[in-house]
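Please treat every number below as a calculation from the coordinates, not as lab data. Note that the structure is a prediction, hence the values are computed from the model and not measured. Using ideal geometry, Cβ is built from the backbone for each residue, glycine included, and neighbour counts are taken over all protein chains shown.
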């Protein structure tokens, strides 16, 4: 079974070279603050891609950066995206009992809500951000703000890497840290990507539920390979590779997983964005003794995940992780 594998990218990386983006966020914070009257509160929601509503790590970076700067200008008046996400469920429950808008605003969120869209233009290395401020009581747009900056080559690469789907925000701190870590070295993996079920053509668009595919890894040197997945509904981790049928995972060069001809992974019963965390190590890492096999899946319970992470750091002799993503519909 290859069921719903989801991995992430780092969200809150601080870039020493992000001076132009800092200027953009400072200007947006100034313009948004001017449109907030008196001591009214504003809740900051997502900033998502211009042509899509899917949350990304880049959007979260921009939203949190803008929220922080707004907080400096409007002390005590800004509700950040994390608190907004945590309270939305409580607000919906409250609406069932007290459907009066003014009471809802008094108990939850703020008088204004702020959301936005962004786009990164590879040809010109431009980042464009558009912000909309919504007056929740009158249900009208209270104002807009927009800024465009040109990114330096280093900035562009860093932010382009962030322009990918982010994982659920309710993962534990340990799980998030594990998923976002790229390891202790960068000398083991050249690349990792998804291939069709025959391992011949790269998957550049989407997979459908029931499709077959492989994971191609290009190793810089001989290494032990592991692939870890995250089950979205249960937030549980499991070991995709190696498995009970493929115990020998010392590999080199460019290989496809699973390696046997006529075998492949298959997507089943869940769609959405999915990721794989491909991990290469210099030395073999112990995992067999603490996975729990249920329904043919090698699960890593929370304490077992921590043990696997501990083994990576203690036994691997250095490890590197690369993430791949695909949309499954």
State the three equivalent ellipsoid semi-axes of the range 173-328, derived from the C-alpha gyration tensor as the square roots of 5 times its eigenvalues, in descending order and whole Å. 22, 19, 15
On full extension of the chain, what length is gained from residue 148 through residue 306, given 0.36 nm per residue of separation minus the C-alpha to C-alpha distance? 52.6 nm
Would you mind checking the range 295-313 for residues with the amide N under 13 Å from a putative spin-label position 7 Å along Cα→C-beta of residue 172? 300-310
Work out the FRET efficiency for residue 231 and residue 315 from their Cβ-Cβ distance, taking R0 = 25 Å, and round it to the nearest 0.05. 0.50
Quick check on the exposure proxy: order 28, 64, 121 from fewest to most C-beta atoms within 10 angstrom. 121, 64, 28
For the range 176-235, the spread of Cα positions along each principal axis, largest first, Å: 35, 32, 19
